[in-house]
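**Q** The structure under discussion is supplied below as C-alpha coordinates; questions concerning it will follow.
The values are calculated or read from the model by the stated rules, or taken from the named source; none is laboratory data. Model, not experiment: these values are computed from the prediction. Cβ sites come from the backbone with ideal geometry, for glycine too, and all protein chains shown count toward neighbours. Areas reflect the complete protein model, heavy atoms only, side chains present, ligands, DNA and RNA absent. Shrake-Rupley method; radii C 1.70, N 1.55, O 1.52, S 1.80 Å.
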Amino acid sequence: MGMDALLLDSGAVTADQVEQARIESDRTGERLDQALIRMGLVSARTVLEALASQLAMDIVDLADYEPPPEVTAMIPSRQVFRLQCVPIADDGVRLRLATSDPLQLAELDELRVLTGREIDLVLADDEDLRGLIRRHYGVAGDTLEALGGDDDDVQTTVDPAEDQAQEASVIKLVRDLLIEAIRERATDVHIEPYEHSLAIRYRIDGVLSPAGVPPTVNRFRDAIVSRLKIMAGLNVAEHRRSQDGRIAMRHDGRMFDLRVSVIPMVHGEGIVLRLLDASAPLIGLEQLGMEVDTLLRWDDLITRPHGILLVTGPTGSGKSTTLYASLNRIVSDSVKAITIEDPVEYQLPGVNQIPVAHGTLDFADGLRAVLRHDPDIVMVGEIRDRETAEAAVQASLTGHLVFSTLHTNDSASAMPRLMDMGVEPFLVASSVEGILAQRLVRRICTSCQAPGTGCRECRQTGFHGRLGLYELLGMNADIRDLILERAAAPVLASAALQAGLLSPLETSGKAKVEAGLTTEQEVARVTKSH
(Lines give C-alpha, C1' and ligand atoms only; values in the text may rest on other atoms or scores of the structure.)
Protein backbone atom coordinates (compact mmCIF):
# COMPACT_ATOMS: atom_id res chain seq x y z
CA MET A 1 0.00 0.00 0.00
CA GLY A 2 1.38 3.41 -0.97
CA MET A 3 1.63 6.58 1.09
CA ASP A 4 -1.44 8.07 -0.60
CA ALA A 5 -3.60 5.05 0.17
CA LEU A 6 -2.44 4.91 3.78
CA LEU A 7 -3.25 8.56 4.39
CA LEU A 8 -6.59 8.33 2.59
CA ASP A 9 -7.61 5.23 4.58
CA SER A 10 -6.72 6.99 7.82
CA GLY A 11 -9.03 9.90 7.00
CA ALA A 12 -6.23 12.40 7.57
CA VAL A 13 -6.57 13.84 4.06
CA THR A 14 -9.09 14.00 1.24
CA ALA A 15 -8.70 12.64 -2.26
CA ASP A 16 -8.59 16.21 -3.59
CA GLN A 17 -5.77 17.13 -1.20
CA VAL A 18 -3.81 14.01 -2.22
CA GLU A 19 -4.21 14.91 -5.89
CA GLN A 20 -2.99 18.49 -5.27
CA ALA A 21 0.01 17.15 -3.37
CA ARG A 22 0.74 14.51 -6.02
CA ILE A 23 0.97 17.18 -8.73
CA GLU A 24 3.33 19.23 -6.53
CA SER A 25 5.33 16.12 -5.60
CA ASP A 26 5.82 15.24 -9.28
CA ARG A 27 7.05 18.79 -9.90
CA THR A 28 9.49 19.04 -6.98
CA GLY A 29 10.53 15.40 -6.51
CA GLU A 30 9.66 15.41 -2.81
CA ARG A 31 7.65 12.76 -0.99
CA LEU A 32 3.87 12.99 -1.06
CA ASP A 33 3.60 13.53 2.69
CA GLN A 34 6.24 16.28 2.56
CA ALA A 35 4.31 18.04 -0.20
CA LEU A 36 1.09 17.83 1.82
CA ILE A 37 2.80 19.35 4.85
CA ARG A 38 4.61 22.10 2.93
CA MET A 39 1.42 23.12 1.13
CA GLY A 40 -0.31 23.51 4.49
CA LEU A 41 -2.92 20.85 3.68
CA VAL A 42 -2.11 18.81 6.78
CA SER A 43 0.20 19.10 9.80
CA ALA A 44 3.33 17.00 10.24
CA ARG A 45 1.92 15.58 13.46
CA THR A 46 -1.29 14.48 11.73
CA VAL A 47 0.66 12.62 9.04
CA LEU A 48 2.85 10.96 11.67
CA GLU A 49 -0.14 9.81 13.75
CA ALA A 50 -1.97 8.57 10.65
CA LEU A 51 0.99 6.45 9.55
CA ALA A 52 1.50 5.13 13.09
CA SER A 53 -2.15 4.09 13.30
CA GLN A 54 -2.25 2.45 9.88
CA LEU A 55 1.05 0.61 10.30
CA ALA A 56 0.72 -0.13 14.03
CA MET A 57 4.02 1.59 14.78
CA ASP A 58 5.20 3.59 17.78
CA ILE A 59 6.12 7.28 17.51
CA VAL A 60 9.32 8.54 19.15
CA ASP A 61 10.21 12.15 19.91
CA LEU A 62 13.73 12.89 18.67
CA ALA A 63 13.61 16.65 19.27
CA ASP A 64 15.98 16.54 22.24
CA TYR A 65 17.15 12.94 22.03
CA GLU A 66 20.83 12.05 21.61
CA PRO A 67 21.47 8.30 21.13
CA PRO A 68 24.79 6.89 22.40
CA PRO A 69 27.59 7.00 19.82
CA GLU A 70 28.08 3.22 20.05
CA VAL A 71 24.46 2.83 18.88
CA THR A 72 24.65 5.30 16.00
CA ALA A 73 27.84 3.57 14.85
CA MET A 74 26.01 0.25 14.37
CA ILE A 75 24.87 1.26 10.87
CA PRO A 76 27.34 2.84 8.42
CA SER A 77 26.62 6.47 7.67
CA ARG A 78 26.31 5.67 3.96
CA GLN A 79 23.20 3.57 4.69
CA VAL A 80 21.87 6.08 7.20
CA PHE A 81 21.85 8.74 4.48
CA ARG A 82 20.54 6.41 1.79
CA LEU A 83 17.71 5.00 3.89
CA GLN A 84 17.11 8.15 6.01
CA CYS A 85 16.94 6.11 9.20
CA VAL A 86 18.88 6.30 12.48
CA PRO A 87 19.61 3.62 15.11
CA ILE A 88 18.55 5.11 18.46
CA ALA A 89 18.60 2.25 20.99
CA ASP A 90 20.05 -1.26 21.34
CA ASP A 91 19.43 -3.89 24.03
CA GLY A 92 21.69 -6.56 22.55
CA VAL A 93 18.79 -8.33 20.88
CA ARG A 94 16.74 -5.65 19.16
CA LEU A 95 17.94 -2.48 17.48
CA ARG A 96 15.45 0.37 17.50
CA LEU A 97 15.53 2.19 14.16
CA ALA A 98 13.80 5.57 13.67
CA THR A 99 12.44 6.56 10.26
CA SER A 100 9.98 9.05 8.79
CA ASP A 101 9.33 6.99 5.66
CA PRO A 102 8.65 3.37 6.67
CA LEU A 103 7.46 2.41 3.17
CA GLN A 104 10.96 2.76 1.73
CA LEU A 105 12.78 0.39 4.09
CA ALA A 106 12.92 -2.76 1.95
CA GLU A 107 16.46 -3.46 3.18
CA LEU A 108 15.50 -4.55 6.71
CA ASP A 109 16.88 -8.06 6.13
CA GLU A 110 20.19 -6.55 5.06
CA LEU A 111 20.28 -4.44 8.24
CA ARG A 112 19.50 -7.52 10.38
CA VAL A 113 22.48 -9.36 8.91
CA LEU A 114 24.68 -6.29 9.18
CA THR A 115 23.91 -5.59 12.84
CA GLY A 116 23.12 -9.09 14.11
CA ARG A 117 19.95 -7.69 15.69
CA GLU A 118 16.24 -7.83 15.11
CA ILE A 119 15.01 -4.47 13.83
CA ASP A 120 12.35 -2.60 15.78
CA LEU A 121 11.08 0.12 13.42
CA VAL A 122 9.60 3.31 14.95
CA LEU A 123 8.30 6.55 13.43
CA ALA A 124 9.81 10.00 13.96
CA ASP A 125 9.11 13.51 12.70
CA ASP A 126 10.99 14.16 9.45
CA GLU A 127 12.52 17.45 10.66
CA ASP A 128 13.66 15.86 13.93
CA LEU A 129 15.14 12.92 12.06
CA ARG A 130 17.07 15.15 9.63
CA GLY A 131 18.37 17.18 12.56
CA LEU A 132 19.61 14.04 14.31
CA ILE A 133 21.33 12.80 11.13
CA ARG A 134 22.93 16.21 10.66
CA ARG A 135 24.25 16.30 14.23
CA HIS A 136 25.67 12.76 14.20
CA TYR A 137 26.71 12.25 10.59
CA GLY A 138 27.14 15.80 9.27
CA VAL A 139 25.60 17.95 6.54
CA ALA A 140 26.12 16.37 3.11
CA GLY A 141 27.95 13.46 4.73
CA ASP A 142 26.56 10.98 2.22
CA THR A 143 27.90 12.98 -0.71
CA LEU A 144 31.29 13.35 0.95
CA GLU A 145 31.47 9.59 1.42
CA ALA A 146 30.54 9.07 -2.22
CA LEU A 147 33.41 11.37 -3.14
CA GLY A 148 35.79 9.19 -1.11
CA GLY A 149 36.15 11.46 1.88
CA ASP A 150 36.91 8.81 4.46
CA ASP A 151 40.37 10.06 5.40
CA ASP A 152 40.21 13.35 7.28
CA ASP A 153 43.93 13.99 6.94
CA VAL A 154 44.25 13.59 3.18
CA GLN A 155 43.91 16.78 1.17
CA THR A 156 43.08 17.01 -2.51
CA THR A 157 46.11 17.97 -4.54
CA VAL A 158 44.61 17.89 -8.04
CA ASP A 159 44.24 21.12 -9.99
CA PRO A 160 40.79 22.66 -9.31
CA ALA A 161 39.67 22.52 -12.94
CA GLU A 162 36.20 23.23 -14.20
CA ASP A 163 35.55 19.59 -15.13
CA GLN A 164 36.08 18.54 -11.50
CA ALA A 165 33.43 20.98 -10.32
CA GLN A 166 31.01 19.64 -12.90
CA GLU A 167 31.12 16.12 -11.45
CA ALA A 168 27.63 15.10 -10.34
CA SER A 169 28.71 14.34 -6.78
CA VAL A 170 30.31 17.78 -6.33
CA ILE A 171 27.23 19.44 -7.79
CA LYS A 172 25.10 17.54 -5.26
CA LEU A 173 27.49 18.42 -2.41
CA VAL A 174 27.21 22.15 -3.09
CA ARG A 175 23.45 21.95 -3.54
CA ASP A 176 23.14 20.01 -0.26
CA LEU A 177 25.04 22.78 1.54
CA LEU A 178 22.82 25.50 0.05
CA ILE A 179 19.55 23.63 0.67
CA GLU A 180 20.55 22.99 4.27
CA ALA A 181 21.22 26.74 4.64
CA ILE A 182 17.72 27.47 3.31
CA ARG A 183 16.14 24.91 5.65
CA GLU A 184 17.99 26.43 8.59
CA ARG A 185 16.74 29.95 7.68
CA ALA A 186 20.30 31.18 7.10
CA THR A 187 20.77 34.63 5.59
CA ASP A 188 24.46 34.09 4.83
CA VAL A 189 26.79 31.15 4.16
CA HIS A 190 30.49 31.61 5.02
CA ILE A 191 33.04 29.24 3.45
CA GLU A 192 36.43 29.92 5.05
CA PRO A 193 39.73 28.21 4.13
CA TYR A 194 42.34 27.55 6.82
CA GLU A 195 45.65 25.70 6.59
CA HIS A 196 44.31 22.26 7.43
CA SER A 197 40.55 22.73 7.40
CA LEU A 198 37.60 24.31 5.63
CA ALA A 199 35.06 26.00 7.89
CA ILE A 200 31.46 26.38 6.72
CA ARG A 201 29.19 28.53 8.84
CA TYR A 202 25.59 29.73 8.55
CA ARG A 203 24.35 33.08 9.85
CA ILE A 204 20.94 32.43 11.39
CA ASP A 205 18.95 35.22 13.03
CA GLY A 206 22.08 37.38 12.85
CA VAL A 207 24.40 34.94 14.64
CA LEU A 208 27.03 32.71 12.98
CA SER A 209 27.17 29.02 13.85
CA PRO A 210 28.98 25.99 12.33
CA ALA A 211 27.02 24.22 9.60
CA GLY A 212 27.91 20.78 11.00
CA VAL A 213 29.84 19.60 7.95
CA PRO A 214 32.23 16.62 8.42
CA PRO A 215 35.98 17.50 8.44
CA THR A 216 36.37 15.51 5.20
CA VAL A 217 34.89 18.50 3.36
CA ASN A 218 38.40 20.01 3.46
CA ARG A 219 39.50 17.57 0.74
CA PHE A 220 37.05 19.16 -1.70
CA ARG A 221 37.61 22.84 -0.97
CA ASP A 222 38.84 23.56 -4.50
CA ALA A 223 35.94 21.68 -6.09
CA ILE A 224 33.41 23.56 -3.94
CA VAL A 225 34.90 26.94 -4.87
CA SER A 226 35.01 26.02 -8.56
CA ARG A 227 31.42 24.80 -8.55
CA LEU A 228 30.15 27.99 -6.86
CA LYS A 229 32.12 30.13 -9.32
CA ILE A 230 30.54 28.29 -12.24
CA MET A 231 27.06 28.70 -10.76
CA ALA A 232 27.69 32.45 -10.28
CA GLY A 233 29.14 32.94 -13.75
CA LEU A 234 32.61 33.83 -12.45
CA ASN A 235 36.11 33.12 -13.80
CA VAL A 236 37.09 29.68 -12.50
CA ALA A 237 40.77 30.18 -13.41
CA GLU A 238 41.11 33.50 -11.52
CA HIS A 239 42.46 32.93 -7.99
CA ARG A 240 44.20 36.22 -7.16
CA ARG A 241 41.41 38.78 -7.42
CA SER A 242 38.07 39.20 -5.71
CA GLN A 243 34.96 38.44 -7.75
CA ASP A 244 31.24 39.06 -7.26
CA GLY A 245 28.35 37.24 -8.87
CA ARG A 246 24.81 35.96 -8.39
CA ILE A 247 23.09 32.57 -8.40
CA ALA A 248 19.38 31.96 -9.02
CA MET A 249 18.18 28.81 -7.28
CA ARG A 250 14.77 27.16 -6.90
CA HIS A 251 13.86 24.99 -3.90
CA ASP A 252 10.46 23.75 -2.71
CA GLY A 253 8.68 25.99 -5.20
CA ARG A 254 10.49 29.12 -3.98
CA MET A 255 13.04 31.22 -5.86
CA PHE A 256 16.22 32.26 -4.08
CA ASP A 257 18.69 34.91 -5.17
CA LEU A 258 22.22 34.22 -3.88
CA ARG A 259 24.77 37.04 -3.98
CA VAL A 260 28.26 35.57 -4.15
CA SER A 261 31.52 37.22 -3.04
CA VAL A 262 34.86 35.45 -3.57
CA ILE A 263 38.04 36.85 -1.98
CA PRO A 264 41.58 35.35 -2.10
CA MET A 265 42.95 34.51 1.35
CA VAL A 266 46.16 33.05 2.76
CA HIS A 267 45.07 29.41 2.43
CA GLY A 268 42.70 29.63 -0.53
CA GLU A 269 39.63 31.52 -1.63
CA GLY A 270 36.96 32.49 0.88
CA ILE A 271 33.33 32.73 -0.20
CA VAL A 272 30.35 34.45 1.38
CA LEU A 273 26.86 33.95 -0.04
CA ARG A 274 23.94 36.20 0.90
CA LEU A 275 20.62 34.32 0.59
CA LEU A 276 17.51 36.26 -0.40
CA ASP A 277 14.11 34.59 -0.72
CA ALA A 278 12.87 36.35 -3.86
CA SER A 279 9.41 34.77 -3.49
CA ALA A 280 8.93 35.77 0.17
CA PRO A 281 6.03 38.16 0.84
CA LEU A 282 7.02 41.70 1.78
CA ILE A 283 6.99 42.23 5.55
CA GLY A 284 5.06 45.23 6.88
CA LEU A 285 6.45 47.73 9.37
CA GLU A 286 4.10 46.43 12.07
CA GLN A 287 5.41 42.89 11.60
CA LEU A 288 8.98 44.22 11.69
CA GLY A 289 8.32 45.43 15.23
CA MET A 290 7.91 49.21 14.87
CA GLU A 291 6.08 50.63 17.89
CA VAL A 292 2.72 52.31 17.29
CA ASP A 293 3.90 55.81 18.30
CA THR A 294 7.00 55.57 16.11
CA LEU A 295 4.95 54.20 13.21
CA LEU A 296 2.48 57.11 13.42
CA ARG A 297 5.35 59.61 13.29
CA TRP A 298 7.09 57.72 10.46
CA ASP A 299 3.82 57.56 8.49
CA ASP A 300 3.58 61.35 8.77
CA LEU A 301 7.13 61.71 7.39
CA ILE A 302 6.80 59.26 4.49
CA THR A 303 3.65 60.96 3.22
CA ARG A 304 5.28 64.40 2.93
CA PRO A 305 5.68 65.83 -0.59
CA HIS A 306 9.45 66.40 -0.42
CA GLY A 307 12.57 66.14 1.73
CA ILE A 308 15.13 63.47 2.64
CA LEU A 309 14.33 60.52 4.91
CA LEU A 310 17.28 58.45 6.05
CA VAL A 311 17.45 54.97 7.58
CA THR A 312 20.71 54.33 9.43
CA GLY A 313 22.42 51.38 11.07
CA PRO A 314 25.23 48.87 10.54
CA THR A 315 25.30 46.27 7.77
CA GLY A 316 22.62 43.61 8.28
CA SER A 317 20.39 45.74 10.51
CA GLY A 318 17.40 45.56 8.17
CA LYS A 319 17.61 49.01 6.57
CA SER A 320 16.63 47.83 3.08
CA THR A 321 13.66 45.88 4.43
CA THR A 322 12.41 49.00 6.23
CA LEU A 323 12.76 51.07 3.06
CA TYR A 324 10.85 48.50 1.01
CA ALA A 325 8.08 48.30 3.61
CA SER A 326 7.89 52.10 3.75
CA LEU A 327 7.64 52.46 -0.03
CA ASN A 328 4.99 49.77 -0.12
CA ARG A 329 2.84 51.84 2.26
CA ILE A 330 2.77 54.93 0.05
CA VAL A 331 3.00 53.74 -3.56
CA SER A 332 -0.25 54.06 -5.52
CA ASP A 333 -1.52 54.72 -9.04
CA SER A 334 -1.20 58.45 -8.40
CA VAL A 335 2.45 58.28 -7.34
CA LYS A 336 5.54 57.51 -9.45
CA ALA A 337 8.34 55.90 -7.48
CA ILE A 338 11.81 54.99 -8.80
CA THR A 339 14.55 53.16 -6.92
CA ILE A 340 18.29 52.96 -7.64
CA GLU A 341 19.71 49.89 -5.92
CA ASP A 342 22.90 47.84 -5.67
CA PRO A 343 21.48 45.26 -6.19
CA VAL A 344 17.67 45.10 -6.47
CA GLU A 345 16.81 42.76 -3.57
CA TYR A 346 13.02 42.52 -3.80
CA GLN A 347 10.67 43.48 -6.60
CA LEU A 348 7.96 45.95 -5.62
CA PRO A 349 4.75 46.12 -7.71
CA GLY A 350 4.16 49.61 -9.06
CA VAL A 351 7.77 50.73 -8.47
CA ASN A 352 10.36 51.34 -11.20
CA GLN A 353 13.55 49.67 -9.94
CA ILE A 354 16.98 50.31 -11.47
CA PRO A 355 19.99 48.09 -10.63
CA VAL A 356 23.33 49.86 -10.33
CA ALA A 357 25.74 48.18 -12.75
CA HIS A 358 29.37 48.44 -11.71
CA GLY A 359 31.35 50.56 -14.16
CA THR A 360 28.32 51.95 -16.01
CA LEU A 361 26.11 53.79 -13.51
CA ASP A 362 26.65 54.91 -9.93
CA PHE A 363 24.14 56.20 -7.38
CA ALA A 364 24.80 59.88 -8.13
CA ASP A 365 24.54 59.51 -11.91
CA GLY A 366 21.51 57.29 -11.54
CA LEU A 367 19.75 59.80 -9.29
CA ARG A 368 20.38 62.68 -11.68
CA ALA A 369 19.13 60.54 -14.57
CA VAL A 370 15.88 59.35 -12.95
CA LEU A 371 14.84 62.90 -12.07
CA ARG A 372 14.22 63.36 -15.80
CA HIS A 373 11.56 60.63 -15.53
CA ASP A 374 9.33 62.88 -13.41
CA PRO A 375 9.22 60.80 -10.20
CA ASP A 376 7.41 61.81 -7.01
CA ILE A 377 9.48 59.47 -4.83
CA VAL A 378 13.07 58.31 -5.27
CA MET A 379 14.90 55.67 -3.25
CA VAL A 380 18.71 55.62 -3.43
CA GLY A 381 20.22 52.43 -2.03
CA GLU A 382 22.93 54.19 -0.03
CA ILE A 383 24.56 57.61 0.30
CA ARG A 384 28.25 56.73 0.07
CA ASP A 385 29.92 59.94 -1.10
CA ARG A 386 29.57 63.70 -1.58
CA GLU A 387 28.26 63.41 -5.13
CA THR A 388 25.37 61.15 -4.12
CA ALA A 389 24.62 63.23 -1.01
CA GLU A 390 24.47 66.49 -2.98
CA ALA A 391 22.34 64.89 -5.72
CA ALA A 392 19.89 63.64 -3.04
CA VAL A 393 19.73 67.11 -1.46
CA GLN A 394 19.05 68.79 -4.81
CA ALA A 395 16.36 66.22 -5.60
CA SER A 396 14.62 66.90 -2.29
CA LEU A 397 14.81 70.67 -2.74
CA THR A 398 13.20 70.45 -6.17
CA GLY A 399 10.06 68.76 -4.87
CA HIS A 400 10.92 65.08 -4.52
CA LEU A 401 10.68 62.77 -1.51
CA VAL A 402 14.02 60.97 -1.26
CA PHE A 403 14.66 57.79 0.74
CA SER A 404 18.17 56.51 1.40
CA THR A 405 20.46 54.81 3.93
CA LEU A 406 23.60 55.77 5.82
CA HIS A 407 26.02 53.68 7.88
CA THR A 408 25.85 55.49 11.22
CA ASN A 409 25.29 54.05 14.67
CA ASP A 410 22.47 56.39 15.67
CA SER A 411 20.04 58.84 14.11
CA ALA A 412 21.71 62.06 15.31
CA SER A 413 25.05 61.10 13.73
CA ALA A 414 23.51 61.14 10.23
CA MET A 415 23.60 64.92 9.89
CA PRO A 416 27.25 65.41 10.92
CA ARG A 417 28.10 62.52 8.57
CA LEU A 418 26.51 64.35 5.62
CA MET A 419 28.47 67.47 6.51
CA ASP A 420 31.67 65.44 6.80
CA MET A 421 31.01 64.31 3.23
CA GLY A 422 31.11 67.94 2.16
CA VAL A 423 27.43 68.90 2.10
CA GLU A 424 26.90 72.47 3.33
CA PRO A 425 25.10 72.74 6.70
CA PHE A 426 22.32 74.93 5.29
CA LEU A 427 21.54 72.25 2.68
CA VAL A 428 21.40 69.52 5.34
CA ALA A 429 19.20 71.68 7.58
CA SER A 430 16.76 72.51 4.79
CA SER A 431 16.46 69.04 3.23
CA VAL A 432 16.50 66.35 5.96
CA GLU A 433 13.04 65.70 7.41
CA GLY A 434 13.69 62.64 9.56
CA ILE A 435 16.19 59.91 10.43
CA LEU A 436 15.32 56.38 11.51
CA ALA A 437 18.09 54.35 13.19
CA GLN A 438 17.52 50.64 13.69
CA ARG A 439 18.88 47.29 14.86
CA LEU A 440 17.66 43.71 14.67
CA VAL A 441 17.31 41.50 17.75
CA ARG A 442 16.44 37.82 17.92
CA ARG A 443 12.82 37.09 18.80
CA ILE A 444 12.10 34.67 21.67
CA CYS A 445 10.78 31.39 20.22
CA THR A 446 6.99 31.25 20.50
CA SER A 447 7.03 27.45 20.60
CA CYS A 448 9.12 27.01 23.76
CA GLN A 449 9.52 30.50 25.29
CA ALA A 450 12.89 29.34 26.65
CA PRO A 451 15.87 31.52 25.64
CA GLY A 452 19.07 29.54 26.05
CA THR A 453 17.38 26.16 26.16
CA GLY A 454 15.17 26.01 23.12
CA CYS A 455 13.32 23.37 21.14
CA ARG A 456 13.31 21.80 17.70
CA GLU A 457 11.58 24.80 16.13
CA CYS A 458 14.36 27.18 17.18
CA ARG A 459 17.30 24.73 16.85
CA GLN A 460 17.72 24.65 20.65
CA THR A 461 18.64 28.37 20.72
CA GLY A 462 15.47 29.75 22.30
CA PHE A 463 15.13 32.28 19.46
CA HIS A 464 13.25 32.11 16.18
CA GLY A 465 13.22 35.04 13.77
CA ARG A 466 14.09 38.69 14.37
CA LEU A 467 12.39 42.00 14.99
CA GLY A 468 13.51 45.60 14.80
CA LEU A 469 14.47 48.20 17.38
CA TYR A 470 13.78 51.71 16.09
CA GLU A 471 15.00 55.21 16.94
CA LEU A 472 13.23 58.03 15.09
CA LEU A 473 14.56 61.59 15.12
CA GLY A 474 12.30 64.36 13.82
CA MET A 475 13.14 67.96 13.02
CA ASN A 476 12.12 71.39 14.25
CA ALA A 477 13.49 74.94 13.91
CA ASP A 478 15.82 74.62 16.93
CA ILE A 479 17.43 71.43 15.62
CA ARG A 480 17.86 72.97 12.17
CA ASP A 481 19.61 75.94 13.82
CA LEU A 482 21.96 73.56 15.62
CA ILE A 483 22.77 71.89 12.28
CA LEU A 484 23.65 75.31 10.84
CA GLU A 485 26.07 75.70 13.76
CA ARG A 486 27.61 72.28 12.95
CA ALA A 487 26.57 70.92 16.36
CA ALA A 488 27.90 67.47 17.30
CA ALA A 489 25.63 64.42 17.31
CA PRO A 490 25.20 64.30 21.15
CA VAL A 491 24.04 67.94 21.18
CA LEU A 492 21.52 67.26 18.41
CA ALA A 493 20.28 64.12 20.19
CA SER A 494 19.88 65.97 23.50
CA ALA A 495 17.90 68.78 21.87
CA ALA A 496 15.65 66.33 20.02
CA LEU A 497 15.05 64.31 23.20
CA GLN A 498 14.07 67.42 25.18
CA ALA A 499 11.71 68.48 22.40
CA GLY A 500 10.05 65.07 22.30
CA LEU A 501 11.36 64.45 18.78
CA LEU A 502 13.60 61.49 19.60
CA SER A 503 12.56 57.98 20.65
CA PRO A 504 15.86 56.23 21.56
CA LEU A 505 16.82 52.67 20.58
CA GLU A 506 17.07 51.78 24.27
CA THR A 507 13.41 52.73 24.78
CA SER A 508 12.36 50.50 21.88
CA GLY A 509 14.48 47.67 23.28
CA LYS A 510 13.06 48.04 26.80
CA ALA A 511 9.51 47.90 25.45
CA LYS A 512 10.20 44.68 23.60
CA VAL A 513 11.84 43.07 26.63
CA GLU A 514 8.86 44.02 28.80
CA ALA A 515 6.51 42.58 26.18
CA GLY A 516 8.40 39.26 26.33
CA LEU A 517 9.51 39.48 22.70
CA THR A 518 13.26 39.46 23.30
CA THR A 519 15.82 39.54 26.13
CA GLU A 520 17.93 42.23 27.78
CA GLN A 521 21.05 40.39 26.58
CA GLU A 522 19.85 40.60 22.97
CA VAL A 523 19.17 44.32 23.23
CA ALA A 524 22.59 44.89 24.80
CA ARG A 525 24.25 42.81 22.08
CA VAL A 526 23.04 45.04 19.25
CA THR A 527 23.11 48.42 21.03
CA LYS A 528 26.36 48.22 23.03
CA SER A 529 28.24 50.25 20.40
CA HIS A 530 25.45 52.80 20.31
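**Q** Give me the percent of accessible area attributable to carbon and sulfur for segment 27-139, probe 1.4 angstrom.
**A** Exposed carbon and sulfur together represent 49 percent of the surface.
**Q** Shifting gears a bit: What does the charge dipole of the chain about its Cα centre add up to, to the nearest 20 debye, if the Cβ of each Lys and Arg holds +1 and the Cβ of each Asp and Glu holds -1? All intermediate terms of the calculation are to be shown ahead of the outcome.
**A** Values: 53 positive and 80 negative charges, 218 e Å.
With Lys and Arg at +1 and Asp and Glu at -1, about 1040 debye.
**Q** First check a/c for the chain, with a ≥ b ≥ c the square roots of the eigenvalues of its C-alpha gyration tensor; if it is under 1.5, answer rounded, and if not, answer prolate when a/b is larger than b/c or oblate otherwise. Each step should come with its number before you reach the end.
**A** Values: a/c = 2.23, a/b = 1.83, b/c = 1.22.
Prolate, because a/c is 1.5 or more and a/b exceeds b/c.
**Q** While we're on this one: If you find the alpha carbon centre of segment 471-530 and of segment 172-226, how far apart are they in angstrom?
**A** Comparing the Cα centres of segment 471-530 and segment 172-226, I get a distance of 38 Å.
**Q** Before anything else, pin down the relative contact order of segment 249-361: Cα pairs under 8 Å, at least 6 apart, normalised by residue count, whole percent.
**A** On the way: 105 pairs, mean separation 18.4, N = 113.
Averaging sequence separation for qualifying contacts and normalising by length gives 16 percent for segment 249-361.
**Q** Now a separate question. Leaving out ligands, DNA and RNA, and with a 1.4 Å probe, what % of the accessible surface on segment 204-326 is carbon or sulfur?
**A** Ligands and nucleic acids excluded, carbon and sulfur reach 55 percent.
**Q** Just subtract the alpha-carbon distance of A73 and T398 from 0.36 nm times their residue separation and send over the number in nm, one decimal.
**A** Working: separation 325, 0.36 × 325 = 117.00 nm, distance 7.16 nm.
Using 0.36 nm per residue and subtracting the Cα-Cα distance, I get 109.8 nm.
**Q** Something else now. Longest segment of the chain with no trypsin sites (Lys or Arg not before Pro) in a DSSP loop having at most 10 other Cβ atoms within 10 Å?
**A** Numbers: sites that count: R240, R241, K528.
Here the longest run is 242-527.
**Q** Still on this structure, I have one more. Return, in residue-number order, each cysteine of the chain whose C-beta is not under 4.7 Å from any other cysteine's C-beta.
**A** Singleton cysteines: C85.
**Q** Could you give each residue of segment 206-220 its phi-based ³J(HN,Hα) in whole Hz, using Karplus coefficients 6.51, -1.76, 1.60 with θ = phi - 60°, and x for Gly or Pro?
**A** Running phi through 6.51 cos²θ - 1.76 cosθ + 1.60 with θ = phi - 60° gives x, 10, 7, 8, x, 6, x, 8, x, x, 4, 4, 4, 5, 10 Hz.
**Q** Can you pull the one-decimal nm distance between simple spin-label points at S430 and E66, each 7 Å off the Cα toward Cβ?
**A** Calculated label separation equals 6.6 nm.
**Q** Now for a separate question. Once both axes come from the Cα atoms, what is the angle between helix 489-498 and the longest principal axis of the chain, in degrees from 0 to 90, rounded to 10?
**A** Taking Cα atoms only, the helix is inclined about 80 degrees.
**Q** Counting only the heavy atoms of the protein chains, how much of M57 is accessible to a 1.4 Å probe, in Å² to the nearest 10?
**A** We get 30 Å² for M57.
**Q** In degrees between 0 and 90, to the nearest 10, how far off the longest principal axis of the chain does helix 168-183 point, with axes built from Cα atoms?
**A** 60
**Q** I need to check one value: relative contact order of the chain, counting alpha carbon pairs closer than 8 Å and at least 6 residues apart, in percent. Could you put the intermediate results ahead of the total?
**A** Numbers: 921 pairs, mean separation 47.0, N = 530.
Relative contact order for the chain comes out at 9 percent.
**Q** If you don't mind, another one. With an 8 Å cut-off on Cα pairs and a minimum separation of 6 or more residues, tell me the relative contact order of segment 325-395 in percent.
**A** Value for segment 325-395: 34 percent.
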